[in-house]
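The values are calculated or read from the model by the stated rules, or taken from the named source; none is laboratory data. Quantities reported herein were computed from a predicted structural model and do not represent experimental measurements. With ideal geometry, Cβ positions are generated from the backbone for all residues, glycine too; neighbour counts draw on all protein chains shown.
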Amino acid sequence: MALSDDIALFARVPLFAGLSDDKLRLMAFGAERRRVVEGQTLFREGSAADCGFVVASGSFRLTVTLRDGSLRDEGVAGAGILLSELAMVSPVERKYTATAVEDSEVIRINRPLFRRMLEEYPEVAVLVDQRIRANLAEMIGGAGRLAGRFA
């Protein structure tokens, strides 16, 4: 795919929405495209994460391993979804396993590339910080509502 296609894809990702084409171009130029065949694991739950992935095409089943060893389905991530956004900012472990449901493509955004963009464009750092905080608050709120069901 062309660089312009990657820029258009990044513009659809909620974390990057509203960033200028120049900023998205910097990220797209430094990012790496990767093909993943149906059934192949993109990453495993618990593994060290040093990058995020934008799903460019295809889809990935997301699963979490429960204490009894069974798998819980966390849904499917399709085109335009950013997987492991926190890994682009800080060392974290993968929270789920992502397995290709069909032949797919992802764009890998490594931490040094993303940090470079944040350093060069402080206004982007503020925007990304606000969006990540909002995503975390939503996730924590959802966990609290779920825990309330079992109390």
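Scanning the range 64-113 for residues that are part of a helix (DSSP H, G or I) and at pLDDT below 90, we see that the one that is nearest to V13 (Cα to Cα) is E85.
Is it fair to say G18 is of a type in the set (G, A, S) and within 19 Å of V128 (Cα to Cα)? Yes, satisfied. Scanning the range 82-96 for residues that are closer than 14 Å to N110 by Cβ, hydroxyl-bearing (S, T, Y) and in contact (Cβ under 8 Å) with a residue 40 or more places away in the chain yields a single hit, S84. Within the set L42, L19, L26, the sole residue that is touching a residue at least 60 places away in the same chain (Cβ under 8 Å), assigned to a helix (DSSP H, G or I) and of a type in the set (A, V, I, L, M, F, W, C) turns out to be L26.
Select from the range 44-86 the residues that are surrounded by 15 or more Cβ atoms within 10 Å (Cβ to Cβ), among the hydrophobic types (A, V, I, L, M, F, W, C) and farther than 24 Å from I7 by Cα and list them in ascending order. The one that is surrounded by 15 or more Cβ atoms within 10 Å (Cβ to Cβ), among the hydrophobic types (A, V, I, L, M, F, W, C) and farther than 24 Å from I7 by Cα: L62.
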